[in-house]
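Novice: Here it is, the structure in full.
The values are calculated or read from the model by the stated rules, or taken from the named source; none is laboratory data. The structure displayed is predicted, hence computed values, not measured ones. Virtual Cβ from ideal backbone geometry, glycine too; neighbours counted across all protein chains shown.
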Amino acid sequence: MSADADQSPDELDLPPALLTPTLAGIYLQQGHTAKALAIYRRLLAQKPGDPERRRLVATLEQRLEGERARGATLARVDELKRMLRRIERRRRDG
């Protein structure tokens, strides 16, 4: 899961000179999908007609949505495991 999946994708406080496809790629390699998406959204705003940037934004939005859904699922699984351990302890302890 992305390290910044709970962060708004538009929360990225960087100077405009650093908002490059290269930095977005680095963020992606490090698992920071929301940060990469924020950069590509800003790059798309600079060139709204660029089909490649539009495609990248759409792809990253889908990826981020999937990461958030997986995170919610994993959190639920963890919660269910904790509940099961409590039930098992109660059965064992009487």
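Novice: One residue is enough: does segment 36-57 have a residue meeting the conditions at positive phi and free of Cβ contacts under 8 Å to residues at least 12 places away in the same chain?
Specialist: Looking for residues that are at positive phi and free of Cβ contacts under 8 Å to residues at least 12 places away in the same chain, one finds none in segment 36-57, hence no.
Novice: Pairs under 8 Å by beta carbon, first residue more than 16 Å from Gly31 (Cα to Cα) in segment 58-76, partner at pLDDT below 90 and not in a helix (DSSP H, G or I), six or more apart or different chains?
Specialist: Leu74/Met1
Novice: With respect to Gly49, is the statement that it is within 12 Å of the chain's Cα centre (by Cα), modelled with pLDDT of 90 or more and not aliphatic (A, V, I, L, M) true?
Specialist: no
Novice: Taking the residues in segment 34-65 that are basic (Lys, Arg) and part of a helix (DSSP H, G or I) as candidates, determine which candidate is surrounded by the most Cβ atoms within 10 Å (Cβ to Cβ).
Specialist: Among residues in segment 34-65 that are basic (Lys, Arg) and part of a helix (DSSP H, G or I), the one surrounded by the most Cβ atoms within 10 Å (Cβ to Cβ) is Lys35.
Novice: Further question: Could you figure out which of (1) within 12 Å of the chain's Cα centre (by Cα); (2) in a helix (DSSP H, G or I) isn't true of Gly31?
Specialist: Of (1) within 12 Å of the chain's Cα centre (by Cα); (2) in a helix (DSSP H, G or I), only one is false for Gly31: (2).
Novice: Does Ala72 count as exposed (fewer than 13 other Cβ atoms within 10 Å of the Cβ), at pLDDT below 90 and not polar (S, T, N, Q)?
Specialist: For Ala72, the condition - exposed (fewer than 13 other Cβ atoms within 10 Å of the Cβ), at pLDDT below 90 and not polar (S, T, N, Q) - is met.
Novice: Being surrounded by fewer than 10 Cβ atoms within 10 Å (Cβ to Cβ) and part of a loop (DSSP other than H, G, I, E, B) is the filter; apply it to segment 9-27 and report the residue that is modelled with the lowest pLDDT.
Specialist: Among those residues, the one meeting the criterion is Asp13.
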